[in-house]
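To keep things clear, I will list the structure first and then write my remarks on it.
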Amino acid sequence: AAPVQVQLVVPMAVVFGPGAVPADLPRPLPFRDVQEMEISVNLRSSVTSRYEMLYRSTTAQEEAALAAATAREADAALYPLQDPTLGSLTMYVLPETSSLLPQGTSVYVGKHRSALLRAGGSLAALQARLREVTQLMSFTATSIAAALSDRVPDGRLGPDARRNLKSSLGYEITFSLLNPDPKSHTVDWDIEGAVNCYVKPVLDKLSLVANFSVDSQILYYAVLGVTPRYDKASSSFLLSAHSLPHVINPVEARLGSSAASLYPVLNFLLYVPERSHSPLYIQDKDGAPVSTNAFHSPRWGGIMVYNVEAPASPQASLPLHVDVDMARVMEVFLAQLRLLFGLSREEVPPEFLLESPGNEGLADWELDHLLWAHTVENIATVSTTLTSLAQLLDKIGNIVIKDDVASEVYRAVASVQSAVTKLSLGNLHAAFQASKEAVTSSERAFFDPSLLHLLYFPDDQKFAIYIPLFLPMAVPILLSLAKIVRETRLRKKEPTKMD
């Protein structure tokens, strides 16, 4: 694949509150500083991160906002005073003694694009802390390596690198309710209300990343591909972790074809077990019950088992009416959606306190995290697509390239160059948009029907096809020609009679 050389620039303000300025600052405030880091992906791709920092003191408004009672209130008050640019960060440095952060917490990450952190005494300690926070809030070497996972040798990546969804211009989300035993259960779920209440705010926020379409379906008599094991001690049925991969295939056959879809399909399945297998619990690798009673499959989706209370009296009439608690279900599905997009919050140091994003489902900085990774991935994808196209055109000498295909290629190249330039200027939003346009143009060119290599035959194949057709006709013609030539020669040789 073609080399990818990208510089990711993060504009950053480091704002010192009163009493928080370290004694060993090299110059009086305000001053600028730049920190660069090489992210080693592989030999062909070089990615540099560059943090352009402006160190300054708080303004009167910021000082008033930092006088709030809690970190959450301070974060809300500071939000209108920050740089609203996507990908930019603002770090507010508080004195060690500040009561704004709870005991034992040195960093509070808000739900927008800022963090509050304790000064840490010296400049070196502060910079180490800043580095940790900026990596969490913008991109880590791992997230960039995962975005370029197709270009990285297998051994170099952690097991989670290929778990995240590939960057795409759109995603289709399907919620399916599986009722394998309709004779015993009549299940009602208010999926439309739940999507509007829980899913829509998250997708509105993610609409910057891609287009989303949501649909739902109820499937009857759809069973899991694995028979659960009965456990006498708990008088319940168990699905063990190693059998979970076998659950998906038989169900997927019933879900409707994702082959007809232009975009990746994310499946979220709610499974109400049949009466003969209730209650049904999922076990993890160690045999402990999974608290959510759900599991997810990377790049595919997730399944949640929803147990129905057994009726109090055995004579209760069937089918039982079940009303699904959508709040409980959606909490699990949204957590799985975050996992699919690689937004899990597991690797956070203990002294970090992360604000919950609330009903929006993801913080502003998490959105930026996605945009950084997807922009880099899009640039890499386009360079690979165009390289493949160039190799194809080199192989077929007589291929015809139409003007509209040529202009798509030029547009893709220009958009990629624009994306790389915008990244080096610290303009994440424009870079992402340009990278999306580049993907669209390069795919239009690559998949253009006129460039189908099956339309162009090598010369030896042409001979192989046409000789059997023309040979039977050519034989009599060639014999006649030979006869004519022979007769002409005889005529020339014959001496003309002299009278």
Using θ = phi - 60° and the Karplus relation 6.51 cos²θ - 1.76 cosθ + 1.60, list the HN-Hα couplings for the range 47-57 in order, rounded to whole Hz, with x at every Gly or Pro.
10, 10, 9, 9, 9, 9, 9, 10, 8, 8, 8
Please compute the Kirkwood hydrodynamic radius over the range 245-395, one decimal place, Å, based on all pairs of different Cα atoms.
19.5 Å
Be a star and scan the range 211-233 for residues whose amide nitrogen sits under 11 Å from the point 7 Å along the Cα-to-Cβ vector of LEU262.
211
Can you figure out the FRET efficiency of GLU331 with GLU73, using R₀ = 35 Å and their beta-carbon distance, to the nearest 0.05?
0.85
Identify, among GLN35, SER480, GLY361, the residue whose Cα sits farthest towards the positive end of the charge dipole of the chain, taking +1 on the Cβ of Lys and Arg and -1 on the Cβ of Asp and Glu, with the dipole about the Cα centre.
SER480
Heavy-atom accessible area of SER480 with all protein chains present, probe 1.4 Å, nearest 10 Å²?
60 Å²
Kirkwood Rh and Cα Rg combined as Rg/Rh, the range 367-448
1.05
How much length, in nm to one decimal, is gained on full extension between SER297 and THR384, taken as 0.36 nm per residue of separation minus their Cα-Cα distance?
28.6 nm
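Please work out whether the chain counts as rounded, prolate or oblate from its C-alpha gyration tensor, where a ≥ b ≥ c are the square roots of the eigenvalues and a/c under 1.5 means rounded, while otherwise a/b larger than b/c means prolate and anything else oblate? Kindly include the intermediate steps, with their values, before the conclusion.
Values: a/c = 3.28, a/b = 1.44, b/c = 2.28.
Oblate shape, in that a/c is at least 1.5 and b/c is the bigger or equal ratio.
Starting from 0.36 nm per residue, how many nanometres of slack lie between LEU208 and LEU169 once their C-alpha separation is accounted for? Could the numbers behind the result be given before it?
Numbers: separation 39, 0.36 × 39 = 14.04 nm, distance 1.02 nm.
In short, 13.0 nm is gained.
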Those lysines that a straight Cα-Cα span of less than 25 Å connects to LYS483, excepting residues fewer than 8 apart in one chain
LYS492, LYS493, LYS497
What dipole magnitude, in Debye to the nearest 20, does the range 170-341 give about its Cα centre under +1 on Lys/Arg Cβ and -1 on Asp/Glu Cβ?
380 debye
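From the Cα gyration tensor of the range 170-341, with a ≥ b ≥ c the square roots of its eigenvalues, which class applies: rounded if a/c is under 1.5, or else prolate if a/b is larger than b/c, or else oblate? Please list the in-between numbers first.
Details: a/c = 1.82, a/b = 1.49, b/c = 1.22.
Prolate, because a/c is 1.5 or more and a/b exceeds b/c.
Hey, what's the chain come to in accessible area per residue, 1.4 Å probe, Å²? Walk me through the numbers on the way to the answer.
Details: 26070 Å² over 499 residues.
Per residue, the chain has an accessible area of 52 Å².
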What distance in nm separates the simple spin-label points at ALA464 and LEU478, each placed 7 Å from Cα in the Cβ direction?
2.1 nm
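Could you compute the longest span of the chain free of trypsin sites (Lys or Arg not before Pro) located in DSSP loops and having at most 15 other Cβ atoms within 10 Å, not counting the site residues?
Details: sites that count: ARG44, ARG162, LYS166, LYS183, LYS232, LYS285, ARG299, ARG345, LYS402, LYS497.
The reported range is 45-161.
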Rounded to the nearest 0.05, FRET efficiency between GLU355 and GLU192 (Cβ-Cβ, R0 22 Å) equals 0.15
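Counting only other residues whose beta carbon sits under 13 Å from that of LEU8, what net charge do I get with K and R as +1, D and E as -1?
Value of the local net charge: -3.
Please list, by residue number, every one of the GluC sites (Glu not before Pro) in the range 1-107 that is coil in DSSP and has at most 14 other beta-carbon atoms within 10 Å. Provide the component values of the computation, followed by the final result.
Details: sites: GLU36, GLU38, GLU52, GLU62, GLU63, GLU73, GLU96; in loops: GLU96.
Sites meeting the loop and neighbour criteria: GLU96.
Using a Förster distance of 30 angstrom, determine the FRET efficiency expected from the C-beta separation of SER344 and ALA124, and round it to 0.05.
0.45
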Work through the residues other than ALA67 whose Cβ is under 15 Å from its Cβ and net out their charges, Lys, Arg +1 and Asp, Glu -1.
-3
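The values are calculated or read from the model by the stated rules, or taken from the named source; none is laboratory data. From a predicted model like this one, the values you see are computed outputs, not experimental measurements. Cβ sites come from the backbone with ideal geometry, for glycine too, and all protein chains shown count toward neighbours. Note: accessible area is taken over every heavy atom of the protein model, side chains too, but ligands, DNA and RNA are not part of it. Shrake-Rupley method; radii C 1.70, N 1.55, O 1.52, S 1.80 Å.
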